[in-house]
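> Have a look at the structure that comes next, please.
The values are calculated or read from the model by the stated rules, or taken from the named source; none is laboratory data. Keep in mind it's a predicted model, so treat the numbers as computed, not measured. Reconstructed Cβ throughout: ideal geometry from the backbone, glycine too, with neighbour counts over all protein chains shown. Heavy atoms of the whole protein, side chains included, go into the accessibility calculation; ligands, DNA and RNA do not. Shrake-Rupley method; radii C 1.70, N 1.55, O 1.52, S 1.80 Å.
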Amino acid sequence: MLDGYVAAIVAGPVSISPLDWICPLLAIDADAFNHGGTAAFAAISAVALRLNATSNVLTTAPDRFELMHRRKPNGDVDPRPWCQGFYAAMRLRISAWAPLLDASNVNHGLLLPILLHCRDDQGRPLLGPPRSGRETGDFSP
């Protein structure tokens, strides 16, 4: 989830202050930024390093960007946590992402592979129930 969250912060349509996204991510108070040597500060530093690495790759060699997915017990990739992390970061500035959430926007399709694996606050598929059709099974999480 962390990797997806950080990727959305880097790739998002607006810049967000570190306090505004790191605090909700780590469930810490902003005061943790002022106290080096604590576990919270170590977590902040680790997240900042991940942000810098993600930003560097996406800026200089986006074709080398690799998503960090966990594996299911059978060995298959489980994209859901990464996608949920991405969506959690989107929700911080959802109005800025709104144009890409509009199905009439030609760029809406760029988010579909992510949103397909996301759930709303009630646990329902974010994009609504799967549509009927032969190919639905190929794309259902």
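> What is the one condition in (1) assigned to a helix (DSSP H, G or I); (2) under 22 Å from Arg119 (Cβ atoms) that Asn74 does not satisfy?
(1)
> Within region 59-68, which residues are in a loop (DSSP other than H, G, I, E, B) and open to solvent by 60 Å² or more (accessible area, probe 1.4 Å)?
Glu66, Leu67, Met68
> Six or more apart or on different chains, Cβ under 6 Å: which pairs go from a residue in region 100-129 that's under 17 Å from Gln84 (Cβ atoms) and assigned to a strand (DSSP E or B) to one that's at pLDDT 90 or above and open to solvent by 80 Å² or more (accessible area, probe 1.4 Å)? Could you list them?
From residues that are under 17 Å from Gln84 (Cβ atoms) and assigned to a strand (DSSP E or B), there are no pairs.
> Let me ask something else about it. Somewhere in region 71-89, is a residue open to solvent by 90 Å² or more (accessible area, probe 1.4 Å) and touching a residue at least 12 places away in the same chain (Cβ under 8 Å)?
Yes, there is a match, as at least one residue in region 71-89 is open to solvent by 90 Å² or more (accessible area, probe 1.4 Å) and touching a residue at least 12 places away in the same chain (Cβ under 8 Å).
> Restricting to region 29-58, count the residues that are open to solvent by 40 Å² or more (accessible area, probe 1.4 Å) and over 29 Å from Leu110 (Cβ atoms).
Total satisfying the criteria: 13.
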